[in-house]
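Each value in this text was obtained by applying a stated rule to the coordinates, not by laboratory testing. This is a predicted model, so every value here is computed, not measured. Note: ideal-geometry Cβ built from the backbone for every residue, glycine included; neighbour counts use all protein chains shown.
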Amino acid sequence: MRQLIVAIFILVSIVGLLDCVASFEQAATVQERPMSSKEVMKAIREHDWDIVARPLAAPVSLADEIGRDLPQLDNESKEIAVATLEHIHSPTSSGLLLRMTGDSNLQVAAAAARTLLRVLHIPPVDDILAAISQRENDFVRGRLYLLAGRANEAGKLQALRALVNNEKNPDSALDAQAAMVKLGGEPERAAFLERIRTARPDQATRASDHLLYINDSRLAKGMIPWLSNKSPVFRLGTDRDERAARMCDLAVYTAHQLGIKFYMEPQGIANFEASIIANAEKAVLALPD
């Protein structure tokens, strides 16, 4: 009798376990099901940020739907719309993001400007330049300058220069300088190289970002003075960890990210050994002008 009870208990347990597995698989299937355009728009209106991490089955025309509903969306819904548009790879979605850089809410406008630097379809350069002339926020203009350079249309260099002549904000002007270097501007290249050579520790991170944006390893020669500079630039760990990345460390890591070949260990940003710094310096010095 006891054996029968044990057998029944085991059977019931197995059945229960199988039911749990089936329920889990069903839930996972529902969760992973791509969302339709209607569901996406409903989620945007209801401030459901989870949709950003879910696959979209919506057609490219979803960007048109978001554009039509934009005047009725509140600021949080617009931010979710920006994050959604990043995953709709079309000229329409990029054009809508460019339009949203002019939103009256700075958080929405800034999010749209940042997102534009990651999209596959870059809006027409003339549209970008027109937007720059209309945007009052310095950060947004700076991102749009970088976007114009990312388009890689050297023929628009003169038009970009004309805009920069009227730029009042020094930070935005630095973004514009990087964009003009990327488009092949020779006077801007010389000025940029000098800016890298003379960068202070508080300017090094931004200078490194611009070097990586331009993505020309020859410009790494501007970092040669950094390789002997042990001034701290930013904290490496938590608040309890007092280690800081130095200018020499940032120069090594930036050179590595630019594809310059030398032995480096570890592969991430760290306080590098003197031998690693020497490896980087030798490789950078060997670069053509």
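What to note about this one:
- All conditions in (1) under 19 Å from residue 195 (Cα atoms); (2) within 25 Å of the chain's Cα centre (by Cα); (3) loosely packed, with under 15 Cβ neighbours inside 10 Å hold for residue 230, with the sole exception of (2).
- When the test is whether a residue is surrounded by fewer than 17 Cβ atoms within 10 Å (Cβ to Cβ) and closer than 25 Å to residue 215 by Cα, residue 117 passes it.
- Any hit, region 104-125, residues being over 30 Å from residue 247 (Cβ atoms) and touching a His at 6+ places or on another chain (Cβ under 7 Å): yes
- Options 140, 181, 233: the member that is touching a helix residue (DSSP H, G or I) at 6+ places or on another chain (Cβ under 8 Å), over 27 Å from residue 288 (Cα atoms) and in a helix (DSSP H, G or I): 140
- Count of residues meeting criterion [over 21 Å from the mean Cα position of the chain (by Cα) and assigned to a helix (DSSP H, G or I)] in region 236-257: 4
- In region 218-262, the residues that are farther than 29 Å from residue 190 by Cα and of a type in the set (Ser, Thr, Tyr): 238
- Matching residues in region 191-216 - criterion: being more than 20 Å from the chain's Cα centre (by Cα) and not β-branched (Val, Ile, Thr): 191, 192, 193, 194, 195, 197, 199, 200, 201, 202
- The listed residues are 150, 161, 200, 141, and the only one of them that is of a type outside the set (S, T, N, Q) and in contact with a Lys or Arg (Cβ under 6 Å, 6 or more places away or on another chain) turns out to be 141.
- Scope region 264-278; condition surrounded by 10 or more Cβ atoms within 10 Å (Cβ to Cβ) and part of a loop (DSSP other than H, G, I, E, B); matching residues: 264, 265, 269, 270, 271, 272, 273
- From the options 155, 149, 142, residue that is more than 22 Å from residue 71 (Cα to Cα) and either surrounded by fewer than 23 Cβ atoms within 10 Å (Cβ to Cβ) or basic (Lys, Arg) (or both): 155
- Members of region 158-177 that are surrounded by fewer than 20 Cβ atoms within 10 Å (Cβ to Cβ), among the charged types (D, E, K, R) and under 21 Å from residue 111 (Cβ atoms): 171
- Taking each residue of region 171-197 that is over 15 Å from residue 147 (Cβ atoms) and looking for partners that are buried (at least 16 other Cβ atoms within 10 Å of the Cβ) and of a type in the set (Gly, Ala, Ser) with beta-carbon atoms closer than 6 Å, six or more apart or interchain, yields 193/222; 196/207; 196/222; 197/222.
- Candidates 191, 207, 199, 220, filtered to the one that is outside any helix (DSSP H, G or I) and out of contact with any Asp or Glu (no Cβ under 9 Å at 6 or more places or on another chain): 199
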